[in-house]
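The next block holds one structure in the form of structure tokens; read it before the comments.
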Amino acid sequence: RAAGQMQRLWRDIPADATPADRAHALNVRSRIENYLAETEVASASANEALAIATRNGDRAGRAEADLNLALITVNQADMKGLVAVTSDALASLEGVDRPDLMSEAMLRASMRYLRFGDLEQSVAMSVQGLEMARRSDSPRALVYALQGMGISFSTAGRHAQALEYFKQMLTEARKVQPEILAPTKCVRSTEVAGSSD
């Protein structure tokens, strides 16, 4: 359904759409393509979004592209690329009021540490992400932060605690779901699925 909505969005993008709208549309497209296992196509969309956002000083758009690339580099087993894009996402979001993107960036950084065997840093990043997400009062930010905590506890073999975090994650995700299913305010309110996990 999201892919179908994306095709309609892409077909109907107005000629005078802002660079931020174009970058966001490309980022949504990249996320969908990646979830459809079209890794190389998703990478091209994310890199195009990154270029547009960087040229136009769109730090949120740049971070969003980096977060797509974080997922893509994992699929490509490109750990050097993963380090670069997660670091860039965090740096791009400094001073930007987007707790949803910051929370996802912290989750991706936490998972990066985990992939390199640094459980202590991974847990520290997850805890920091949860504190930030709770302060933000953003259900979407909480979803990412709770996922990070659940994975951290699961990795440490503390499955009962991990399950509690995953249950909380589900509760917050249900709060976000209506937002995802409703038309999003992107490119003149054209319907498109949200770009979240």
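The values are calculated or read from the model by the stated rules, or taken from the named source; none is laboratory data. Note that the structure is a prediction, hence the values are computed from the model and not measured. Ideal geometry is used to build each Cβ from the backbone, glycine not excepted, and the neighbour counts take in all protein chains shown. We work out accessible area using only protein heavy atoms, side chains counted, and drop any ligands, DNA or RNA first. Shrake-Rupley method; radii C 1.70, N 1.55, O 1.52, S 1.80 Å.
Table for the structure above
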read-out	value
Within the range 140-166, tally of residues that are more than 14 Å from the chain's Cα centre (by Cα) and open to solvent by 30 Å² or more (accessible area, probe 1.4 Å)	14
Residues of the range 1-20 that turn out to be polar (S, T, N, Q) and over 20 Å from the mean Cα position of the chain (by Cα), as a count	2
Long-range neighbours under 9 Å by Cβ, at least six apart or interchain, first residue on the phi > 0 side of the Ramachandran plot within the range 20-41, second assigned to a helix (DSSP H, G or I) and open to solvent by 10 Å² or more (accessible area, probe 1.4 Å)	ALA37/ASN75
Residues being out of contact with any Asp or Glu (no Cβ under 7 Å at 6 or more places or on another chain), assigned to a helix (DSSP H, G or I) and not hydrophobic (A, V, I, L, M, F, W, C) - total across the range 52-85	11
Within the range 144-163, tally of residues that are part of a helix (DSSP H, G or I) and touching a residue at least 12 places away in the same chain (Cβ under 8 Å)	13
